[in-house]
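Shown next, in structure tokens, is the structure this report addresses.
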Amino acid sequence: MQRSTNRAEPGTGHVVVIGGGISGLAAAHRLLGAGLRVTLLEATGRLGGKLMTGEIAGARVDLGAESMLARRPEAVALAREVGLGDRLQPPATATASVWTRDALRPMPKGHVMGVPGDPAVLGGLLTPEGLARVAQERDLTPTPVGDDVAVGAYVADRLGREVVDRLVEPLLGGVYAGDSYRISMRAAVPQLFEAAREGGSLLDGVLRIQERAAARQQNGPVFQGIDGGIGTLPGAVADAVRAAGGEILTATPVLGLTRNAEGWDVRTDTRTITADGIVLAAPAWSASTLLAAESPAASVELAGVEYASMALVTMAFRRSDVATTTALDGRSGFLVPPVDGRTIKASTFSSHKWNWVADSAPDLFVLRTSVGRYGEEDHIHREDGELVDVSLRDLAEATGLAAKPVDTEVTRWTGGLPQYPVGHLSRVARIRDEVAKLPALRVCGAVYDGVGIPACIASAHRAADEIAAGLTCGSGEEIIATSTLVTGTRSEAGQ
């Protein structure tokens, strides 16, 4: 087998990044900015991970994540750095609904991941009994949260199950494809966890969160898209990496990692690459395999991370065929609580939500549905035509849509979303403690710091900065300060 040192000039160091999703690409971009040499290895033939564009009826669409949280700076900043600043575009409308109890009901405003500060905002969503239960919350004794607690369990205890089942569950399901009664509040909604730790009424805790947010006077859109699709971001970052001298190899799975006297040997099927440092930006199961020999404890922890699978069903209709479906008008889409027993968990009306979709295909109406939650793997294995048919049936019941699509595309994300059960952050801390014992190796990605695009980029920057600090310190060069991760919500609705 060929051995390739690929070392840079003395003192600069060579880092291998394993994984070509947005986390790996962001890490590579950051490392190059620190003056290091970088080789990025991606096992598949495509970069970008869960960010991907495609075509339907000749129109360009996102087939993965379609938006990024703009109230965190990392993703928007990276898009600007790689030349996409003039293509950033907020949603044209954010008027979403909840399809529950056989009607499309307006999505309440003034809540934190479904938890309100004022019970009145839930008036159109809950039953009178559910509203009465919420109104009792300020009279309850405080509920301790300990080191961590499931979002659904805590909120149901304070406000009743109806708030969880009709609002919290579909919102969290849209982000994690998970079960709110298992998802860690500390990991998924940290600001709500801190409010709960302060004690007292949860409703009052949400009001405090909202007051602090208002005091920060954050302006601008909450979310941003990109003209041409969020799926164009990985390609732009990859181009910037190559322009800065980085090497990117696709269809190059890493078969093994071994420490040597000077650093690391990275074994692929064609050669062994010698590196001074490693950024491991791979899914948990892959990272577990690669760390099994050098860090068995981290490997075991990573093997315990569970994932949820989902499918996106993208459909294009003739705009003239949907003109009479008034329930589509003015809406960006809707969420579906699992308690209602439907197959789809959400639908996005892309031609309403994104001006770039409407402008590029004015004669089409593009929408998509999502199917699949944690524990519902059977949906992912259904035939494409069956997923389209069940989506059309649910859409017809929700909106009255009777038109037939002119084109469809089913995209499966098997093992797409890591789950954050109670205790997840403790698991992450144990993984990082074990990995820190290895010289010049760090991990990053959706497993560790949040599943949203900005969170993944922040995770990548943290890993890259720690590697750069260690390598440049060793050569006597200026140390790059480790970035401070932006705190706040770890979730990114609509991803």
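Quick rundown of the values:
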{"quantity": "Hits in the stretch 183-202 (condition: part of a helix (DSSP H, G or I), open to solvent by 30 Å² or more (accessible area, probe 1.4 Å) and under 15 Å from residue 143 (Cβ atoms))", "calculated": "186, 194, 197"}
{"quantity": "Failed item in (1) within 20 Å of residue 436 (Cβ to Cβ); (2) surrounded by 23 or more Cβ atoms within 10 Å (Cβ to Cβ); (3) not polar (S, T, N, Q), with residue 344 passing the rest", "calculated": "(1)"}
{"quantity": "Any pair with Cβ under 7 angstrom, 6 or more apart, that starts in the stretch 42-59 at a residue that is touching a residue at least 60 places away in the same chain (Cβ under 8 Å) and ends at one that is open to solvent by less than 20 Å² (accessible area, probe 1.4 Å) and acidic (Asp, Glu)", "calculated": "53/62"}
{"quantity": "Selected residue (criterion: nearest to the chain's Cα centre (by Cα)) from residues of the stretch 46-85 that are part of a strand (DSSP E or B) and under 22 Å from residue 317 (Cβ atoms)", "calculated": "62"}
{"quantity": "Given (1) outside any loop (DSSP other than H, G, I, E, B); (2) within 24 Å of the chain's Cα centre (by Cα), index of the condition residue 180 fails", "calculated": "(1)"}
{"quantity": "Residue match in the stretch 3-17 (condition: assigned to a strand (DSSP E or B) and at pLDDT below 95)", "calculated": "yes"}
{"quantity": "Complete set of residues in the stretch 389-432 that are in a loop (DSSP other than H, G, I, E, B), within 28 Å of residue 188 (Cα to Cα) and open to solvent by 40 Å² or more (accessible area, probe 1.4 Å)", "calculated": "422"}
{"quantity": "The stretch 114-126, residues that are β-branched (Val, Ile, Thr) and either surrounded by 19 or more Cβ atoms within 10 Å (Cβ to Cβ) or at pLDDT 95 or above (or both)", "calculated": "115"}
{"quantity": "Subset tally (residues that are in contact with a strand residue (DSSP E or B) (Cβ under 9 Å, 6 or more places away or on another chain), at pLDDT 95 or above and not polar (S, T, N, Q)) for the stretch 60-73", "calculated": "7"}
{"quantity": "Qualifying residue in the stretch 321-329 (condition: within 22 Å of the chain's Cα centre (by Cα) and either among the hydroxyl-bearing types (Ser, Thr, Tyr) or crowded, with 16+ Cβ neighbours inside 10 Å (or both))", "calculated": "no"}
{"quantity": "Failed criterion for residue 371 (all others in (1) surrounded by 21 or more Cβ atoms within 10 Å (Cβ to Cβ); (2) free of Cβ contacts under 8 Å to residues at least 24 places away in the same chain; (3) not hydroxyl-bearing (Ser, Thr, Tyr) hold)", "calculated": "(2)"}
{"quantity": "Number of positions in the stretch 352-388 that are assigned to a loop (DSSP other than H, G, I, E, B), acidic (Asp, Glu) and touching a Ser or Thr at 6+ places or on another chain (Cβ under 9 Å)", "calculated": "2"}
{"quantity": "Check on residue 248, farther than 30 Å from residue 427 by Cα, modelled with pLDDT of 95 or more, open to solvent by less than 10 Å² (accessible area, probe 1.4 Å) and in contact with a strand residue (DSSP E or B) (Cβ under 7 Å, 6 or more places away or on another chain)", "calculated": "no"}
{"quantity": "Qualifying residues in the stretch 264-306 (those that are charged (D, E, K, R) and farther than 20 Å from residue 37 by Cβ) - the one farthest from the chain's Cα centre (by Cα)", "calculated": "269"}
{"quantity": "Test: residue 108 is assigned to a loop (DSSP other than H, G, I, E, B), modelled with pLDDT of 95 or more, of a type outside the set (S, T, N, Q) and open to solvent by less than 50 Å² (accessible area, probe 1.4 Å)", "calculated": "no"}
{"quantity": "Some residue of the stretch 203-223 being free of Cβ contacts under 8 Å to residues at least 40 places away in the same chain, within 28 Å of residue 129 (Cα to Cα) and assigned to a helix (DSSP H, G or I)", "calculated": "yes"}
{"quantity": "Filter pass, residue 43 being open to solvent by 10 Å² or more (accessible area, probe 1.4 Å), in contact with a strand residue (DSSP E or B) (Cβ under 8 Å, 6 or more places away or on another chain), of a type outside the set (S, T, N, Q) and part of a loop (DSSP other than H, G, I, E, B)", "calculated": "yes"}
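Every residue, every condition in (1) among the charged types (D, E, K, R); (2) open to solvent by less than 70 Å² (accessible area, probe 1.4 Å); (3) in contact with a Pro (Cβ under 7 Å, 6 or more places away or on another chain), yes or no:
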site	(1), (2), (3)
312	no, yes, no
332	no, yes, yes
350	no, yes, no
378	yes, no, no
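The values are calculated or read from the model by the stated rules, or taken from the named source; none is laboratory data. Just so you know, these numbers come straight off a predicted model, no measurement behind them. Positions of Cβ are generated from backbone atoms using ideal geometry, with glycine treated the same way; all protein chains shown enter the neighbour counts. For the accessible areas, the whole protein counts, side chains as well, though only heavy atoms, and no ligand, DNA or RNA atoms are used. Shrake-Rupley method; radii C 1.70, N 1.55, O 1.52, S 1.80 Å.
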